[in-house]
Amino acid sequence: MKAQYGILRFAKYKGPEIGHIEAHNERTKEKYASNPDVDTSRSNRNFHLVTPQRSYRAEAEKQIAEAGCRTRSDSVRVVEALVTASPEFFKGKKRVEVKEYFTYALGFIKAHQNEKTIISAVVHMDEKTPHMHLCFVPLTEDGRLSAKDIVGNKKKLTWWQDEFWKHMVKKYPELERGESAGETGRQHIPPRLYKEAVHLSRMKEQMLQILADTNPFNKKDKTKELDELLGRFVPAAEALRTKLKKYDRLYRELTEENAELEKKLEIADNRRREKISNQVKYAGMEQELRDLHALVDSIPKEIPNAAERNQRNKSQES
């Protein structure tokens, strides 16, 4: 049976992006093109453990003002905790059991972060794996605005992982402790990048099908359909390629490091073997980065060629 992990991750937000995460968390958009995993027909199954009283940004600014904190444009105003578990953990669990898991996890957050700073805690049941988005204003016990003090360094992130596991394993002894990026020396590739890649792949298949189905009788309609898809696909592909660049250096380092770790594993004693094995496992996960690059770079020539033709046709028509 696969290992089951309790998962806790943090993200920090400063300005306009706060509105974007609110739209995602609170499901205020009609469509979620950038996240194909969202099944809006199941969104009525989502539920709040903490319901927001106003917009995330407005609530954050209210709490910051009441605390008398000064802010800069680059001040972190909202921290988001993503709480979930391995997909295997949720298999066969009823809704009430899922709710119980996240309620217990919420209790952990409340024990270490002032409950009054929590803006929202919403559980999503309309994606593949149930998960909770919990957003809070990073105000310290002595009233300072400091995401750095709360979650901002490797030592503190390791502490959060330790304490989260200690708390969760009391009720769910089958859970194993996850490892933070700080402990392994690696960054996680954000799940949203994989979702964006999957979405691009689906769009690519749609466009190839349109090209294959085009004939003299339906050319006008098919060209219009292709043009609409291209208008979304090309900028999305470029945006993903830009995002992936920041992980390129990490990928190269891990490719080299993985070979070294394999050598160490061969000569390691039993005490060191497990730790090195875990490092190899995490390094191996970065192979997926190569797959993401390959997907973005595998755009068939027909697609950009069609984009150029459509652009030329538009210019001629005007």
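The values are calculated or read from the model by the stated rules, or taken from the named source; none is laboratory data. All figures in this text were calculated on a predicted structure; none of them were measured in a lab. Ideal geometry is used to build each Cβ from the backbone, glycine not excepted, and the neighbour counts take in all protein chains shown. Surface accessibility is based on the protein's heavy atoms, side chains included, excluding ligands, DNA and RNA. Shrake-Rupley method; radii C 1.70, N 1.55, O 1.52, S 1.80 Å.
Restricting attention to segment 25-56 and to residues that are buried (at least 18 other Cβ atoms within 10 Å of the Cβ) and part of a helix (DSSP H, G or I), the residue that is modelled with the highest pLDDT turns out to be Tyr56.
Just one of (1) crowded, with 20+ Cβ neighbours inside 10 Å; (2) in contact with a Pro (Cβ under 7 Å, 6 or more places away or on another chain) fails for Ser146. It is (1). Kindly provide the set of residues from segment 102-129 that are open to solvent by 20 Å² or more (accessible area, probe 1.4 Å) and out of contact with any Asp or Glu (no Cβ under 6 Å at 6 or more places or on another chain), ordered by number. Hits for segment 102-129 are Thr103, Tyr104, Gly107, Lys110, Ala111, His112, Asn114, Glu115, Lys116, Thr129.
Look at segment 148-171: where a residue is farther than 14 Å from Tyr5 by Cβ and a partner is in a helix (DSSP H, G or I) and of a type in the set (Asp, Glu), sitting 6+ places away or on another chain with Cβ atoms under 8 Å, you get Lys154/Glu183; Lys156/Asp149; Thr158/Glu183. Between a first residue in segment 215-241 that is free of Cβ contacts under 8 Å to residues at least 40 places away in the same chain and a second residue that is among the hydrophobic types (A, V, I, L, M, F, W, C) and buried (at least 16 other Cβ atoms within 10 Å of the Cβ), which pairs have beta carbons less than 8 Å apart while being 6 or more apart in sequence or on different chains? Pairs found: Lys222/Ile210; Glu225/Ile210; Leu229/Met203; Leu229/Met207; Leu229/Ile210.
Taking the stated definitions as given, is Gly68 surrounded by fewer than 16 Cβ atoms within 10 Å (Cβ to Cβ), over 19 Å from the mean Cα position of the chain (by Cα), in contact (Cβ under 8 Å) with a residue 24 or more places away in the chain and at positive phi?
Yes, satisfied.
The residue pairs whose first member lies in segment 12-27 and is farther than 13 Å from Leu82 by Cβ, whose second member is at pLDDT below 90 and hydroxyl-bearing (Ser, Thr, Tyr), and whose beta carbons are closer than 6 Å, counting only pairs six or more residues apart or on different chains, are Arg27/Ser43. Those strands (runs of 3 or more DSSP E) of segment 82-182 in which 2 or more residues are within 16 Å of Val50 (Cα to Cα) occupy 118-124, 131-136.
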